[in-house]
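Step one of this worksheet: look at the structure below.
The values are calculated or read from the model by the stated rules, or taken from the named source; none is laboratory data. Only a predicted model underlies this, so the values are computations on that prediction, with no experimental measurement involved. As a convention, Cβ positions derive from the backbone with ideal geometry for all residues, glycine included, and neighbour counts pool all protein chains shown. Quick note on the areas: whole protein, heavy atoms, side chains included, nothing else; ligands and nucleic acids left out. Shrake-Rupley method; radii C 1.70, N 1.55, O 1.52, S 1.80 Å.
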Amino acid sequence: MKTPRATERSLVAMVALAGTGAGLGLLVGQPGWGAAAGLLLFALLQLRQLLRLQRWLGSRDLHAPEGFGAWQPVFDALERRRKMDRQRRKRLLVALESFRDAARALPDGLIAIDEGNEIHWFNKSAKRLLGLRYPADVGQRLDHLVRAPAFVRWIASGTFDEPLIDQPAPEDERVRLLYRLIAYRPGLRMLIVRDVSNLMRLEQVRRDFVANVSHELRTPLTVIAGYLEAIEPEELHDFAPLFVEMREQSRRMSHIVEDLLTLSRLEAQSAPRDEPVAICPMLDRIQRDADALSQGQHTIELCCDASFDIVGSGKDLHSAFSNLVINAVRYTPAGGRIRLHYEPHGEGAAFSVIDTGQGIPAQHLPRLTERFYRVSNSRSRDSGGTGLGLAIVKHVLNAHGARLEIESTIGKGSTFRCVFPTSRLAPGAAP
Ligand code: ADP
């Protein structure tokens, strides 16, 4: 055991010094003073050790000085602790360095910001994509440096479930960026910036392709449908049923092409027209069209609050609302009831189509607005559906800052609700 032996050595040294002092004091007849002098010498030696320790603690030297007696284990323990600390610091530095290298190598821009959008740090890609400067921009507000209105609105909104896509890079409009924000510590957020130019180009190619194909198909289809409409089935005797089927299919194809062209037009426009649209007269017309389609098989009721209009595109809103109403007629068996309500809802307003149809199984609801998504292929085709109606509705509502809510119970019916924010409302002409 090292510590007790060292302590013993100290005690032995103290006793030896006191004894030697007493012996020398005896020579002059003062053994007590001699012993006291020996003890004083011992105390001075301890003080010297303390000073050496103090000096060493203040230095960066890894090796502790040689200790005397009971000081030696103290020096050893402190030296071991210092060595361990040094190693731990080294390991932390290596980890930090490799994390920094990884962040630097990322092709995506990373920017740590606080709740006031003040920049704490950013990586090399953020510099390249957003034109940030290091260290000048650390501590600056990000929304003062990236000033695109859509970005400023998005970051001020405080809701970051959805990324912000297809934004121009501040330094080069041709570079398209995607922003995503993640809260990673209380009060701190990580903004991820990704260059999605290639993806956007591909998306544009896809959009152009669909628009061009639809456009090219429209003329030949119109000609074929025109001839088919001109022929009377009775003239074809045995071929009459075949001919009627051909005519049905050519009508369906024309509807699909028209819907695809509508979708392409909606995708191409950046914002809908901003005109106040009187909703009640529009719903009157839609109700009449629905009555004609239903041919008296359904009860269709309209309840409309004319005190506020919607600011947007009348044509697009008509297209969205009539798609919902036509669906209600097509998917509600004869004898059913369909209610059309336009009324205040929360802070804004809502147009709801409530039917007593067969309802939609819950697992289909999240995918209903995808193009060509159908709950039942045969049911949709039999009723003349193109599979694009709800995709059009979703596009129109998105462009108007509105959302589509769908509730459905099997056997009881469905409710499709278009919810518009206050910012889209204007006072209506009627009281
Ligand atoms: P479609 O032209 O096939 O009707 P939509 O995009 O308009 O295409 O609708 C997608 C699917 O949603 C439909 O195929 C149908 O199964 C279902 N659907 C839409 N509206 C209703 C409704 N009111 N009641 C029941 N099912 C509906």
| said: Of the conditions (1) in the same structural domain as residue 371 (by TED's automatic domain parsing); (2) of a type outside the set (A, V, I, L, M, F, W, C); (3) part of a helix (DSSP H, G or I); (4) farther than 30 Å from residue 428 by Cβ, residue 252 satisfies every one except a single condition; which number is it? | reply: (1)
| request: Keeping to the range 273-326, report how many residues are of a type in the set (Lys, Arg) and within 20 Å of residue 404 (Cβ to Cβ). | output: 1
| Failed criterion for residue 364 (all others in (1) within 10 Å of the ligand (Cβ to nearest atom); (2) part of a loop (DSSP other than H, G, I, E, B) hold) | (2)
| message | Being open to solvent by 90 Å² or more (accessible area, probe 1.4 Å) and either of a type in the set (Lys, Arg) or assigned to a loop (DSSP other than H, G, I, E, B) (or both) is the requirement here; does residue 82 meet it? | response | no
| task | Scan the range 180-188 and give yes if some residue there is part of a loop (DSSP other than H, G, I, E, B), open to solvent by 40 Å² or more (accessible area, probe 1.4 Å) and either free of Cβ contacts under 8 Å to residues at least 12 places away in the same chain or in contact with a strand residue (DSSP E or B) (Cβ under 9 Å, 6 or more places away or on another chain) (or both), otherwise no. | result | yes
| note | Taking the range 1-45 and keeping only residues that are polar (S, T, N, Q), part of a helix (DSSP H, G or I) and open to solvent by 40 Å² or more (accessible area, probe 1.4 Å), one is left with 3, 7, 20
| Can you pull out the residues in the range 146-179 that are surrounded by 17 or more Cβ atoms within 10 Å (Cβ to Cβ) and touching a residue at least 24 places away in the same chain (Cβ under 8 Å)? | 146, 151, 154, 155, 169, 170, 176, 177, 179
| query | Out of curiosity, is residue 273 assigned to a strand (DSSP E or B), among the basic types (Lys, Arg) and open to solvent by 20 Å² or more (accessible area, probe 1.4 Å)? | reply | no
| request: Determine whether residue 351 is open to solvent by 70 Å² or more (accessible area, probe 1.4 Å), assigned by TED's automatic domain parsing to the domain that holds residue 407, aromatic (Phe, Trp, Tyr) and within 16 Å of the ligand (Cβ to nearest atom). | output: no
| field | Residues (surrounded by 15 or more Cβ atoms within 10 Å (Cβ to Cβ) and closer than 19 Å to residue 195 by Cα) located in the range 120-142 | value | 122, 123, 124, 125, 126, 127, 128, 129, 130, 132, 142
| task | Output the number of residues of the range 244-264 satisfying the condition of being crowded, with 18+ Cβ neighbours inside 10 Å and charged (D, E, K, R). | result | 1
| said: residue 422 - would you say it is of a type in the set (S, T, N, Q) and away from the ligand (no atom under 16 Å from the Cβ)? | reply: yes
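Yes/no matrix, rows are residues, columns are (1) touching a Gly at 6+ places or on another chain (Cβ under 9 Å); (2) farther than 17 Å from residue 6 by Cα:
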| position | (1), (2) |
| --- | --- |
| 31 | yes, yes |
| 38 | yes, yes |
| 46 | yes, no |
| 49 | yes, no |
| 58 | no, yes |
| 71 | no, no |
| 98 | no, yes |
| 104 | no, yes |
| task | Being aliphatic (A, V, I, L, M) and either surrounded by 15 or more Cβ atoms within 10 Å (Cβ to Cβ) or touching a Leu at 6+ places or on another chain (Cβ under 8 Å) (or both) is the filter here, so list the residues in the range 398-413 that pass it. | result | 399, 402, 404, 406
| query | Regarding residue 385, is this residue within 16 Å of the ligand (Cβ to nearest atom) and modelled with pLDDT of 95 or more? | reply | no
| said: Among the residues that make up the range 291-305, is at least one of them touching a strand residue (DSSP E or B) at 6+ places or on another chain (Cβ under 6 Å), within 16 Å of the ligand (Cβ to nearest atom) and outside any strand (DSSP E or B)? | reply: yes
| message | I'd like to know if the range 329-343 contains one or more residues that are more than 8 Å from the ligand (Cβ to nearest atom), assigned to a strand (DSSP E or B), under 23 Å from residue 273 (Cα atoms) and open to solvent by less than 50 Å² (accessible area, probe 1.4 Å). | response | yes
| residue 325 versus (1) of a type outside the set (D, E, K, R); (2) within 13 Å of the ligand (Cβ to nearest atom); (3) open to solvent by 10 Å² or more (accessible area, probe 1.4 Å): which is the lone unmet condition? | (3)
